[in-house]
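> Can you read through this structure? Questions will come right after.
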Amino acid sequence: MATSYGYFKEEVSKYLKDKFNPNSTILDVGAGEGTYHRYLSDYFKNIDAVEVFKPNIINFGLENKYKRVYNANIIDFKYDRYNIIIFGDIIEHLEVNEAKKVLEYASDRCDEMIVAVPYMNKQGIEEDNIYEIHRQDDLTPKNVLERYPMLKLLYKNDKYGYYIKK
């Protein structure tokens, strides 16, 4: 699904706008339909995207929204530094060891990391996109922090959580 829950999007947007200046650089990992672009582009102008599923880039016109769009799998994607890296509904699609590797790599290359996670959410292939499978469909507020000790909780409800880097 190229979309995500609407929970805390406004709060996260305000958090980032209060903490960073408009020239800050952002990498939106798994851009999908461009949700974070919609919430942040009125303030931030340097937003790049990584999207593994090429039809999302085309169908949602991501190249018209983001400064640069990379059609790549974040597991293999190499990049330098961004002020902010957003993982919006991403880690549940990765095996635990892959997600740890991706988050550790990112943590060294950013000032802030935003990690949005749906809790206890099973999902299979959708719209012929194998990357939609949830490989961690057992995520809870407790085990996110246990599995990913580089994170701390920012916002949560019973269905969804936002984490930032420690």
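> Of all residues being more than 16 Å from the chain's Cα centre (by Cα) and crowded, with 16+ Cβ neighbours inside 10 Å in the range 47-85, which is modelled with the highest pLDDT? Just the residue, please.
Checking each candidate, the answer is Lys65.
> Please name all residue pairs, on different chains or six or more residues apart, with Cβ atoms under 8 Å, provided the first residue is in the range 6-35 and is farther than 15 Å from Val117 by Cβ and surrounded by fewer than 16 Cβ atoms within 10 Å (Cβ to Cβ) and the second residue is modelled with pLDDT of 95 or more and of a type in the set (A, V, I, L, M, F, W, C).
Pro22/Phe44
> Can I ask one more? Kindly provide the set of residues from the range 86-98 that are within 12 Å of Gly30 (Cβ to Cβ) and either modelled with pLDDT of 95 or more or touching a strand residue (DSSP E or B) at 6+ places or on another chain (Cβ under 8 Å) (or both), ordered by number. Full working, then the answer.
Keep residues of the range 86-98 that are within 12 Å of Gly30 (Cβ to Cβ), which gives 86-94.
Hits for the range 86-98 are Ile86, Phe87, Gly88, Asp89, Ile90, Ile91, Glu92.
> Can you pull out the residues in the range 118-163 that are buried (at least 18 other Cβ atoms within 10 Å of the Cβ), in a strand (DSSP E or B) and modelled with pLDDT of 95 or more?
Result: Leu151, Gly161, Tyr162, Tyr163.
> Another question, if that's okay. Could you count how many residues in the range 60-97 are touching a residue at least 40 places away in the same chain (Cβ under 8 Å) and in a helix (DSSP H, G or I)?
Number satisfying all stated conditions: 4.
The values are calculated or read from the model by the stated rules, or taken from the named source; none is laboratory data. The shown structure was predicted, so the numbers you read here are calculated from the model rather than taken from an experiment. Positions of Cβ are backbone-derived with ideal geometry, glycine not excepted, and every protein chain shown enters the neighbour counts.
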